[in-house]
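I have placed the structure first, in the form of structure tokens, so that the comments after it can refer back to it.
Computed from the coordinates by the stated procedures, all read-outs in this text should not be read as laboratory data. As the structure is a prediction and not an experimental result, all values here were calculated from the model. All Cβ positions, glycine included, derive from the backbone under ideal geometry; neighbour counts span all protein chains shown.
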Amino acid sequence: MTELQKYMTSYFGITNQNMDEITALFTETTLKKGAFFSKPGQYCEKLSFVRSGFIRVFANSNNKEITQWISTKGYFITDLYSFTFKQRAKWNIQALTDCELYTIDKENYARLNNLVPNWVAMEKQFIAGCFIQLEDRVFNHLSLNAEERYDQLFKHNKELFNNVPLQYLASMLGMSPETFSRIRNKKNS
């Protein structure tokens, strides 16, 4: 069973009888380090499950890059606004490392509704889970100090600290690279 099949089974409860038909809609793709999954102004017509690698979601604002998220193995990646509402993408989505993905295009994604009983309810549950994760991130930004935000990220995503440039992590946590380094040095001493 592939990582995608395991995730679909555990998260969505999809039975094995549907699994082959569903996963056949995804193609194994690669995204080389530095390549863009999507860029602002383009239409994002695909959704991918990250099999391996790290992908950064970021925007440019006032001549600086702001990292919104870094996707890792076991997460889905897309510009949700563009993918869902057929609007131009708002985010840069770029591979930080070579990545292996399972990718589904919009046409095949629409077919899931016919293949999976209760797909609409499952999709709603998935989107609600994404929204809850976003709410938690906003709450942490508003209620935790810089060191506490650092600790939360380290607790839940240790692999990022050895594989992603630290300025991206600092940006994602809403702090300067200097503050991030100061906290990191304190933790390592």
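Points worth noting:
- Potential lengthening between Ile132 and Asn63 on full extension [0.36 nm per residue; Cα-Cα distance subtracted]: 21.8 nm
- Radius ratio Rg over Rh of segment 1-129, counting only Cα atoms, Kirkwood formula for Rh: 0.98
- Model label sites at Thr84 and Thr9, defined 7 Å from Cα along the beta-carbon direction, differ in position by 2.9 nm.
- The chain: most fluctuating residue of Lys73, Lys46, Lys155 per GNM, C-alpha cutoff 10 Å: Lys155
- Within a Gaussian network of the chain (alpha carbon springs, distance under 10 Å), most fluctuating of Thr97, Thr72, Thr27: Thr27
- Max-minus-min Cα coordinates of segment 67-189 on each principal axis give 56, 32, 25 Å, with the largest extent listed first.
- Residues Phe161, Phe131, arranged from fewest to most other Cβ atoms within 10 angstrom of their Cβ, appear as Phe131, Phe161.
- With neighbour counts taken as other beta-carbon atoms within 10 Å, the residues Leu101, Leu80 rank, fewest first, as Leu80, Leu101.
- Potential lengthening of the chain between Glu28 and Asn118 amounts to 29.8 nm, from the contour at 0.36 nm per residue minus the alpha-carbon distance.
- Farthest towards the positive end of the charge dipole of segment 3-116, among the residues Phe26, Thr97, Ile14, is the Cα of Thr97, using unit charges on the Cβ of Lys, Arg, Asp and Glu.
- Whole-number percent relative contact order across segment 3-116, with pairs defined as alpha carbons under 8 Å at least 6 apart: 38 percent
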